């Protein structure tokens with residue numbers, strides 16, 4: 001399982017350990033995680049005080065339909081969007097001691 005899938009699965013299965021960040025966009029949702037979590041390649045994927053934005057492979061949509069559907073419902077429970085592509089943004093906000101994860105549907 002790749003890191004993006006691990007992080008999104010963790011957020012889905014541990015909602016009590018995450019804080020949702022709504023920024024008012026119709027296609028984006030952010031999450032705040034404790035920076036004490038350990039993921040493989042954490043320092044590489046979550047740069048300190050910088051953003052790391054990247055697209056998920058197109059196969060992600062078909063291989064992880066439940067996860068995509070859950071994310072769509074978190075973004076907009078009334079009208080869940082159907083993405084053609086998904087972008088993730090990771091960051092380690094050191095002063096606030098949290099990991100930032102943003103999911104953008106395109």
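The values are calculated or read from the model by the stated rules, or taken from the named source; none is laboratory data. The structure displayed is predicted, hence computed values, not measured ones. Please note: Cβ atoms are built from the backbone with ideal geometry, for glycine as well, and neighbour counts cover all protein chains shown.
For the stretch 34-48, a residue qualifies if it is under 14 Å from residue 11 (Cβ atoms) and touching a strand residue (DSSP E or B) at 6+ places or on another chain (Cβ under 7 Å), and the qualifying residues are 34, 37, 46.
In the stretch 87-97, the count of residues that are in contact with a helix residue (DSSP H, G or I) (Cβ under 7 Å, 6 or more places away or on another chain), surrounded by 18 or more Cβ atoms within 10 Å (Cβ to Cβ), within 21 Å of residue 17 (Cβ to Cβ) and in contact (Cβ under 8 Å) with a residue 60 or more places away in the chain is one or more. Being closer than 16 Å to residue 102 by Cβ and touching a helix residue (DSSP H, G or I) at 6+ places or on another chain (Cβ under 6 Å) is true of residue 8.
Here is a yes/no grid of residues against (1) over 16 Å from residue 20 (Cβ atoms); (2) surrounded by fewer than 11 Cβ atoms within 10 Å (Cβ to Cβ):
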| position | (1), (2) |
| --- | --- |
| 39 | yes, no |
| 60 | yes, no |
| 75 | no, no |
| 84 | yes, yes |
| 99 | no, no |
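Only residues that are more than 14 Å from residue 101 (Cβ to Cβ) and either out of contact with any strand residue (DSSP E or B) (no Cβ under 6 Å at 6 or more places or on another chain) or part of a helix (DSSP H, G or I) (or both): list them for the stretch 19-29, please. Once the filter is applied, which keeps residues that are more than 14 Å from residue 101 (Cβ to Cβ) and either out of contact with any strand residue (DSSP E or B) (no Cβ under 6 Å at 6 or more places or on another chain) or part of a helix (DSSP H, G or I) (or both), the stretch 19-29 yields 24, 25, 26. Here residue 4 clears all of (1) in a helix (DSSP H, G or I); (2) surrounded by 11 or more Cβ atoms within 10 Å (Cβ to Cβ); (3) modelled with pLDDT of 95 or more except the condition numbered (3).
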